[in-house]
Amino acid sequence: MTEPCSTLREQLVPVIDKWSHGSAECSTPIPAVSFFRREAPAAPAYCLIPPSIVVAVQGKKQMLVGGDAYAYDASRYLITSLDLPASSEVVQASQDVPCLGLTVNLDLRTIAELIAHGNVPPPRGQSVNDSIGIGVLTPAILKPIGRLLELLDEPEAIPTLAPIFLRELHYRLLTSDQAGRLRQIASVDGQAYKIARAIDWLKLNYAAPLRIEDLATSVQMSAPTFHHHFRQLTAMSPLQYQKWLRLNEAKRLMLNDRLDAASAAFKVGYESPSQFNREYSRLFGDSPGRDIAALLALEPVKQPKRKVRA
């Protein structure tokens, strides 16, 4: 008899609870898998979502992209097919019942290989034109996730078995209600694949001057077509995307490396600190100095990391 989704999901809760205890974000010995934990609702926080699925096995979150909100909980998962700037909001969480979940990064090569050689049936329904969506959790999706998490108690088996279970998860997603979203990014002739290549360049070269015509030419698109599809898939223009990358990297440098605002601005490609200050305030709602000071004041005293026995 097939196990219902609720049973499969409930089996994941204690695993994630154990591994994420005392940490909001938690990596695992399986490189593609990470856990998150939130013990109270939280206002939207900026993040860059990689191509992945995000499953909240307990509690509720939502991702804000452009003007749209994508809510996910114990019955629905979030899926993205591009590196996507967004804001993550914790909607339902408490100390007694924390919001617990996991992120599984998706592999474009595995998706393309399965489409080419895996006898994957064509997706049902209409084609999709954006890179983020909400899918329905099914036993077929939860089972390989469960098998992945079981490997955390058998670390010597991870190098051999984790790729098998990850491949199965990719196959299940390609036969799910989100199959069209993944297929668009794996088609080398498709616009989404070309935009993904452009995004890879922007992530590596965010501090460099950006000429839209040159970037469009590098992915074999005209500038107007490139601009249209980039905005359609990311809810941003290429210049806005680059600005988002620059400002968030500058924030990281100020917060983690204690750089001053001017030094961080120059490091990420700004020529004018005053322009940096204006754009930073517009995105984050306060000046760099006040924003970082407030965040540092909120930082908890660091405790020794709790070792989790595998």
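The values are calculated or read from the model by the stated rules, or taken from the named source; none is laboratory data. Note that the structure is predicted; figures quoted are calculated from it, not measured. Note that we place each Cβ from the backbone using ideal geometry, even for glycine, and neighbour counts take in every protein chain shown.
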If you check A140 against the conditions, is it crowded, with 21+ Cβ neighbours inside 10 Å and out of contact with any Ser or Thr (no Cβ under 6 Å at 6 or more places or on another chain)?
-> no
Provide a single number: the residues in segment 35-51 that are within 27 Å of Y171 (Cα to Cα) and crowded, with 19+ Cβ neighbours inside 10 Å.
-> 4
The condition of being under 20 Å from C47 (Cα atoms) and outside the structural domain of S27 (by TED's automatic domain parsing) holds, among A93, A196, only for A196
Note on segment 24-48: residues closer than 23 Å to K251 by Cβ and touching a residue at least 60 places away in the same chain (Cβ under 8 Å) are S34, F36, R37, R38, Y46, L48
Only one of (1) more than 30 Å from R282 (Cα to Cα); (2) among the hydroxyl-bearing types (S, T, Y); (3) touching a residue at least 60 places away in the same chain (Cβ under 8 Å) is not met by Y70, so which one is it?
-> (1)
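Give the residues of segment 19-60 that are assigned to a loop (DSSP other than H, G, I, E, B), among the aliphatic types (A, V, I, L, M) and at pLDDT 95 or above, sorted by residue number. Give the derivation first.
Step one: filter segment 19-60 for residues assigned to a loop (DSSP other than H, G, I, E, B), giving 21-24, 28-32, 39-41, 50-51, 59.
Filter again for among the aliphatic types (A, V, I, L, M), leaving 24, 30, 32, 40.
Matches in segment 19-60: I30, A32, A40.
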